[in-house]
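Structure record follows, encoded as structure tokens.
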Amino acid sequence: MATGYIKHGETPRLRTARPRLERTEERKTSSDILLLLQSIGKMTMIALWAAACGLVLFCSSRSGVEGIGVNYGLIGDNLPSPDKVVSLYIAHNITDVRLFHPDTAVLDALRGSGLGVVLGTLNSDLAPLASDASYAASWVASYVAPYASSVRFRYINAGNEVVPGEGSEHILEAIKNLESALSAAGLGNGDGPVRVTTAVATSVLGASFPPSHGAFSDAAMPVMAPLVSYLAERGSPLLVNAYPYFAYAADPASVPLDYALLSPSAAPAVTDDDGVQYVNMFDAIVDAVHAAVEKVTGSGQGVELVVSETGWPSGGGGYGASVENAAAYMNNLVRHVGSGTPRRPGKAVETYIFAMFNENQKPEGVERYFGLFQPDMTEVYHVDF
């Protein structure tokens, strides 16, 4: 859930989104925290009233849990070599990997692995990808075509958490040019095996409570409306980054921990207009985005949502950041996503955990502690994939 870039050295702003480094840029924002906290206040009132009344996707040939992948970040100076990382994915039955930007050493290591790959572009590449078809062709020729015979590309995501903000106007044209380049390379034109999309944070929402009222914000709508309509036409998914942790850490007095952790014993905390009850924040976030998409497409299930990032820090000093909570969130998530959400019951939510490793070159604090593994490849905690 996060938003526009600021350079290193600027003062971080309050956020519910996980900040991110794209090479030398750090992304931080806060617009969605206000939205979620408004929802939290209403959510708490409903939960108290209820108490007073007494009230993934893609399948691999391996045996991993359906629809679970893990983001592979590279912002560390002590990370294992890509070939060891790929072996670690396979050893733990992780079926899919998401890369934030092309890295040829990683792509080489992925050859023949069978892992599904989500490959991102740098946000700084969006403008030339959108304005210059030859740039898009060169990007595909450099990072997709040479690997396509031995790497199982799932999606290309053009930019990460750009909407709403500077550069978001380039996303749709970048997607179209990348599709054309893929088609010219014989890799499909959006109808083939490699789909092109983008990843957004929940800051694209202007309303999220109850989930059925989910709607894109006025700032995001000029980009999201044509983008979502185009993805619906192409049968391509929308990638969404969802972090219950940051909403919990921002206001732990109002957000029940078991609701944020997807605890099976959590009591309903949100009731939708039609009486549907939500027992975890993950489902509420995803369904709020579903509702926003449907208000644009008017076609029910016209655009599939893929949760491209979600995670919980195991340390770093943040409220609720602990090995115990991180292990609970991840294992509850893995068990839960196959059952769908109240708005899409029975339809597994393709989900990518953030992240594979604790990365020591990220900003001090919780940002360094989202990894499932230490750089020496030992588990921070066990996840039963």
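For every residue, the table says whether it meets (1) farther than 17 Å from M330 by Cα; (2) of a type outside the set (S, T, Y); (3) within 21 Å of the chain's Cα centre (by Cα); (4) open to solvent by 10 Å² or more (accessible area, probe 1.4 Å).
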| position | (1), (2), (3), (4) |
| --- | --- |
| K347 | yes, yes, yes, yes |
| I353 | no, yes, yes, no |
| N360 | yes, yes, no, yes |
| G365 | yes, yes, yes, yes |
| G371 | no, yes, yes, no |
| D376 | yes, yes, no, yes |
| D384 | no, yes, yes, yes |
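So which of A127, A91, A133 is among the small types (G, A, S) and in contact with a Ser or Thr (Cβ under 9 Å, 6 or more places away or on another chain)?
Unique residue meeting the criteria: A133.
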Pair list, Cβ under 8 Å, 6 or more apart: segment 130-158 residue polar (S, T, N, Q), other residue open to solvent by 40 Å² or more (accessible area, probe 1.4 Å) and part of a helix (DSSP H, G or I)
S131/H170; S131/E173
Within segment 224-244, track down each residue that is open to solvent by 30 Å² or more (accessible area, probe 1.4 Å) and either closer than 17 Å to V162 by Cβ or not hydroxyl-bearing (S, T, Y) (or both).
P226, Y230, A232, E233, R234, G235
Restrict the check to segment 266-274 and report whether at least one residue is modelled with pLDDT under 95, open to solvent by 30 Å² or more (accessible area, probe 1.4 Å), more than 21 Å from the chain's Cα centre (by Cα) and acidic (D, E).
yes
Exactly one of these conditions fails for T197: (1) at pLDDT below 95; (2) among the β-branched types (V, I, T); (3) closer than 30 Å to F246 by Cα. Give me its number.
(1)
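A quick yes/no check of all residues on (1) surrounded by fewer than 24 Cβ atoms within 10 Å (Cβ to Cβ); (2) closer than 13 Å to Y243 by Cβ; (3) at pLDDT 95 or above:
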position: V293; (1), (2), (3): no, no, yes
position: G300; (1), (2), (3): yes, no, no
position: V307; (1), (2), (3): no, yes, yes
position: T310; (1), (2), (3): no, yes, yes
position: G316; (1), (2), (3): yes, no, yes
position: A327; (1), (2), (3): yes, no, yes
position: V334; (1), (2), (3): yes, no, yes
position: V337; (1), (2), (3): no, no, yes
Qualifying positions in segment 208-234 - outside any helix (DSSP H, G or I) and at pLDDT below 95
S208, F209, P210
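Being small (G, A, S) and within 29 Å of G340 (Cα to Cα) is the filter; apply it to segment 64-116 and report the residue that is surrounded by the most Cβ atoms within 10 Å (Cβ to Cβ).
G69
Residues checked against (1) charged (D, E, K, R); (2) within 24 Å of I75 (Cα to Cα); (3) touching a Phe, Trp or Tyr at 6+ places or on another chain (Cβ under 6 Å):
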site	(1), (2), (3)
P102	no, yes, yes
G112	no, no, no
T121	no, yes, no
S131	no, no, no
S138	no, no, no
S142	no, yes, no
Is it the case that G320 is open to solvent by 10 Å² or more (accessible area, probe 1.4 Å), modelled with pLDDT under 95 and closer than 30 Å to S212 by Cβ?
no
Can you find even one residue in segment 332-352 that is part of a helix (DSSP H, G or I) and over 30 Å from G159 (Cα atoms)?
no
Would you mind stating whether D287 is closer than 21 Å to D384 by Cα and of a type in the set (D, E, K, R)?
no
Can A247 be described as under 28 Å from N331 (Cβ atoms) and either open to solvent by 10 Å² or more (accessible area, probe 1.4 Å) or in a helix (DSSP H, G or I) (or both)?
yes
If I ask for residues that are in contact with a Pro (Cβ under 7 Å, 6 or more places away or on another chain) and either crowded, with 24+ Cβ neighbours inside 10 Å or closer than 23 Å to L182 by Cα (or both), which ones from segment 204-219 would you list?
V204
From the list A130, A145, A158, A141, exactly one residue is more than 24 Å from the chain's Cα centre (by Cα) and either assigned to a loop (DSSP other than H, G, I, E, B) or surrounded by 16 or more Cβ atoms within 10 Å (Cβ to Cβ) (or both). Which is it?
A145
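The values are calculated or read from the model by the stated rules, or taken from the named source; none is laboratory data. Values in this document were obtained by computation on a predicted structure and should not be read as measured data. Ideal geometry is used to build each Cβ from the backbone, glycine not excepted, and the neighbour counts take in all protein chains shown. Surface accessibility is based on the protein's heavy atoms, side chains included, excluding ligands, DNA and RNA. Shrake-Rupley method; radii C 1.70, N 1.55, O 1.52, S 1.80 Å.
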